[in-house]
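Undergrad: Structure in structure tokens, see below.
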Amino acid sequence: MGGKDGARSTDLDKANEKEYLELVRAFPLIHIEDDGRLAAAFAVIDSLVEKSDRSVAEDVYLAALTDLVETYENAHIALPPVTGVEALRYLMEENGLTQADLAPLFGAPSIVSEALSGKRRLALTHARRLAAHFGLPVSVFIDA
């Protein structure tokens, strides 16, 4: 992440404040009320996330915009429950990973294969390693 980690609006100096306000003018931080506004918000988020070095102003703006998106999604979008293995398959596909790429996290290629085929549950140790690897909460990989 560019800029200072955990930057807040109170951390903005005059130059950053000016840049932040320009971002707000371009796409105001207002309540998201429909899927059209949500899609537009995602477009802005994508453009900022793809930047290799964001400014403090961009980080602060991105944090606020993602909060608005999360609020809308929590109120309007019901996600079906996903198993840890389904989440892992999705993450593998999104990141272009193979079973061999994950073998170091599991200890052996055969364990990855057994977990993905449903012959073996993801152990807590594996869930912790996967969570650390993908930067996600351990709960993503633990079935309820």
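Undergrad: If we keep just the residues of the range 31-40 that are touching a residue at least 12 places away in the same chain (Cβ under 8 Å) and of a type in the set (A, V, I, L, M), which is surrounded by the fewest Cβ atoms within 10 Å (Cβ to Cβ)?
TA: Taking the candidates together, the pick is A40.
Undergrad: It is to be established whether one or more residues within the range 107-114 are outside the structural domain of K14 (by TED's automatic domain parsing), surrounded by 17 or more Cβ atoms within 10 Å (Cβ to Cβ), under 30 Å from D143 (Cα atoms) and not aromatic (F, W, Y).
TA: Applying the first criterion (outside the structural domain of K14 (by TED's automatic domain parsing)) to the range 107-114 yields 107-114.
With surrounded by 17 or more Cβ atoms within 10 Å (Cβ to Cβ) added as a condition, the list becomes 111-112.
Those still in the list that are under 30 Å from D143 (Cα atoms) too: 111-112.
Checking which are not aromatic (F, W, Y) leaves us with 111-112.
Yes, that holds for at least one residue.
The values are calculated or read from the model by the stated rules, or taken from the named source; none is laboratory data. Since this is a predicted model, take the numbers as computed values, not measurements. All Cβ positions, even for glycine, are placed from backbone atoms using ideal geometry, and neighbour counts span all protein chains on display.
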